[in-house]
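Novice: Here it is, the structure in full.
The values are calculated or read from the model by the stated rules, or taken from the named source; none is laboratory data. Since the structure is predicted, the reported quantities are computational estimates derived from the model, not experimental observations. Glycine gets a Cβ as well: all are built from the backbone with ideal geometry, and neighbour counts include every protein chain shown. In case anyone asks, the SASA skips ligands and DNA or RNA and just uses the protein heavy atoms, side chains included. Shrake-Rupley method; radii C 1.70, N 1.55, O 1.52, S 1.80 Å.
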Amino acid sequence: MKLATLKNGSRDGVLVIVSSDIRQCAAVDDIAKTMQVALDNWSQVEPLLKQVAKDIETGKLHTQPFDASDAHSPLPRAFQWADGSAYVNHVELVRKARGAVIPDSFWTDPLMYQGGSDTFIGPRDPIVVADEAHGIDMEGELAVITDDVPMGASSSEAIKAIRLIMLVNDVSLRGLIPAELAKGFGFFHSKPSSAFSPVAVTPDVLGDAWRDGKVHLPLCVDYNGVPFGRANAGIDMTFDFGQLIAHAAKTRALCAGTIIGSGTVSNKLNDEPSKPISEGGVGYSCIAEIRMIETINHGEPKTDFMKFGDSVRIEMNDAKGDTIFGAIEQTVKQY
């Protein structure tokens with residue numbers, strides 16, 4: 001089942017069920033007016049929503065065209081957005097860029113930060129930034145939306161609470177990160193609003209690609225229309241989503257509608273950092289990684305961070321080549 005939220009002038013939009021090919025949709029305000037309402041009452045409304053999805057596929061229900069430009073992020077705002085860093089290869093590279101060594105504990109204890117969740121960006125809305133000097137970067141990730149999770153839940157218990165899966169562009173302002181982290185109190189200014197895919201899907205939609213709490217498919221990141229990253233989200237993921245959710249719930253209960261991110265998808269190549277796609281590698285899901293590789297190879301980075309007018313596209317396709325979540329397509333715009 002595929003779900004989305006269309007803009008309607010309100011903060012939370014209107015919930016729709018989307019056809020499997022992401023071309024048609026139908027509002028379900030008689031069942032749940034918003035995504036959060038559906039999540040709050042998931043056990044009651046899921047069977048009704050599934051029936052609507054079935055009726056859309058069989059042509060029994062009147063539908064309207066689905067246009068991702070009219071979509072909010074599936075949850076336009078959320079009670080909680082906590083982003084992990086499950087791909088330790090990414091953490092290692094980015095920390096090297098700051099001259100920091102990765103502690104051994106990073107391989108056994110996930111990193112996680114609590115991001116702003118009150119104003120997510122729509123999947124086709126611009127990334128608005130005041131100054132290019134902030135070091136604008138995209139970060140291609142996956143995320144899950146959970147049901148209620150009790151405090152202290154195990155990873156096996158936590159994974160059962162996953163209701164929906166979606167893609168993320170976790171926008172980062174790299175130029176602001178070092179000074180913020182040096183204060184010892186974490187990200188704030190350096191992590192503006194994130195964007196999520198037009199559509200969120202139930203895990204069964206992914207079929208065999210969803211196993212062991214991971215999505216075993218390449219994440220396609222294009223930068224200014226050129227293939228930039230094709231890292232497989234199921235490879236080199238040190239912590240699966242069950243572990244990430246359990247980590248978030250270690251000292252607190254999580255409410256329905258909590259979003260947990262994977263962190264930037266990142267692959268190694270023969271136990272070494274990946275190469276650009278043009279050189280036979282799978283590329284990168286953010287600019288910071290290629291800048292680190294360039295620094296290692298050439299003594300300094302050659303690739304600039306994003307400038308006003310630059311664009312990013314983040315998408316994931318199934319084994320047949322069909323889009324699963326729709327595409328995040330964004331252009332950087334000056335505030």
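Novice: With angles folded into 0 to 90 degrees, how steeply does helix 287-298 sit against the dominant principal axis of the chain? Use alpha carbons for both and round to 10.
Specialist: Result, in degrees: 20.
Novice: Ordering HIS72, HIS247, HIS90, HIS298 from largest to smallest accessible area (1.4 angstrom probe), what's the sequence?
Specialist: From most accessible down to least: HIS298, HIS247, HIS72, HIS90.
Novice: Something else now. If N is the number of residues in segment 202-313, what value comes out of its Cα radius of gyration divided by 2.2 N^0.38 Å?
Specialist: 1.24
Novice: Follow-up question, since we're still on this one. Keeping all protein chains in position, work out how much accessible area LEU6 exposes to a 1.4 Å probe, and write it in Å² to the nearest 10.
Specialist: 20 Å²
Novice: Ok, one more. Per residue, what volume in Å³ does the Cα convex hull of segment 1-157 take up?
Specialist: Hull volume over Cα atoms, normalised by residue count, gives 158 Å³.
Novice: Given the protein chains as shown and a 1.4 Å probe, how many square angstrom of MET112 are accessible, to the nearest 10?
Specialist: 60 Å²
Novice: Please give, to one decimal in nm, the separation of the simple spin-label points placed at ILE296 and LYS7, each 7 Å out from Cα toward the Cβ.
Specialist: Rounded to a tenth, the inter-label distance reads 4.1 nm.
Novice: Okay, moving on. Say R0 is 25 Å: what FRET efficiency, to the nearest 0.05, do PHE308 and PHE188 get from their beta-carbon distance?
Specialist: 0.60
Novice: Next question, about the same structure. Checking the table LYS214/LYS268; LYS33/LYS60; LYS50/LYS160; LYS268/LYS333; LYS2/LYS33; LYS33/LYS250 against a 24 Å threshold on Cα-Cα, which pairs fail?
Specialist: Flagged as over cut-off: LYS268/LYS333; LYS33/LYS250.
Novice: If I ignore ligands, DNA and RNA and count only protein heavy atoms, how much of SER278 is accessible to a 1.4 Å probe, in Å² to the nearest 10?
Specialist: Result for SER278: roughly 110 Å² accessible.
Novice: Here's something else I'd like to know. How big is D for segment 1-50, in µm² s⁻¹ as a whole number, if Stokes-Einstein is applied with the Kirkwood radius of its Cα pairs at 4 °C and 1.567 mPa s?
Specialist: The Stokes-Einstein estimate is 119 µm²/s.
Novice: Could I ask something else about it? With a Förster radius of 30 Å, plug the Cβ-Cβ distance of PHE79 and ASP204 into 1/(1 + (r/R0)^6) and report the FRET value to the nearest 0.05.
Specialist: 0.75
Novice: State the extension gain, in nm to one decimal, for the chain segment bounded by SER105 and SER20, taking 0.36 nm per residue of separation less the distance between their alpha-carbons.
Specialist: 26.5 nm
Novice: Residues in segment 187-213, backbone N under 13 Å from the label point at ASP322 (7 Å along the Cα-to-beta-carbon vector): list them, ranges by number please.
Specialist: Under cut-off, by backbone N: 205-207.
Novice: Order PHE241, PHE185, most accessible first, counting only protein heavy atoms with a 1.4 angstrom probe.
Specialist: Largest accessible area first, the residues go PHE185, PHE241.
Novice: Please give the calculated 222 nm ellipticity per residue for the chain, where each DSSP H segment of at least 4 residues contributes -39500 (n - 2.57) and the sum is spread over every residue; nearest 500 deg cm²/dmol?
Specialist: When only DSSP H runs of four or more count, the value is -5500 deg cm²/dmol.
Novice: On to the next question. How far is it, in nm, from the label point at ASN270 to the one at LEU48 when both lie 7 Å from their Cα along the line to the Cβ?
Specialist: The answer from the label model is 5.8 nm.
Novice: A follow-up question, please. P(r) tail for segment 249-335, what percent of Cα pairs lie past 15 Å?
Specialist: Result for the distance tail: 74 percent.
Novice: Describe numerically, in nm with one decimal, the distance between label points set 7 Å from Cα along Cα→Cβ at ARG95 and at THR58.
Specialist: 5.4 nm
Novice: With N set to the residue count of segment 189-249, report its C-alpha Rg divided by 2.2 N^0.38 Å to two decimal places.
Specialist: Output field value: 1.34.
Novice: Under a 5 Å amide H to amide H cut-off, with H placed in plane at 1.01 Å, what residues pair with GLN24 once short-range neighbours are removed?
Specialist: Amide H to amide H, under 5 Å and 5 or more residues apart or across chains, GLN24 pairs with SER19, PHE66.
Novice: For segment 135-220, what Kirkwood radius comes out of the mean inverse Cα-Cα distance, in Å?
Specialist: That comes to 15.1 Å for segment 135-220.
Novice: Pulled fully out, how much extra length does the chain show between ALA179 and ILE277, if you take 0.36 nm times their separation in residues and subtract their Cα-Cα distance?
Specialist: 32.1 nm
Novice: So how tilted is helix 88-97 from the main axis of the chain? Cα-based, degrees 0 to 90, rounded to 10.
Specialist: Once rounded, the angle reads 40 degrees.
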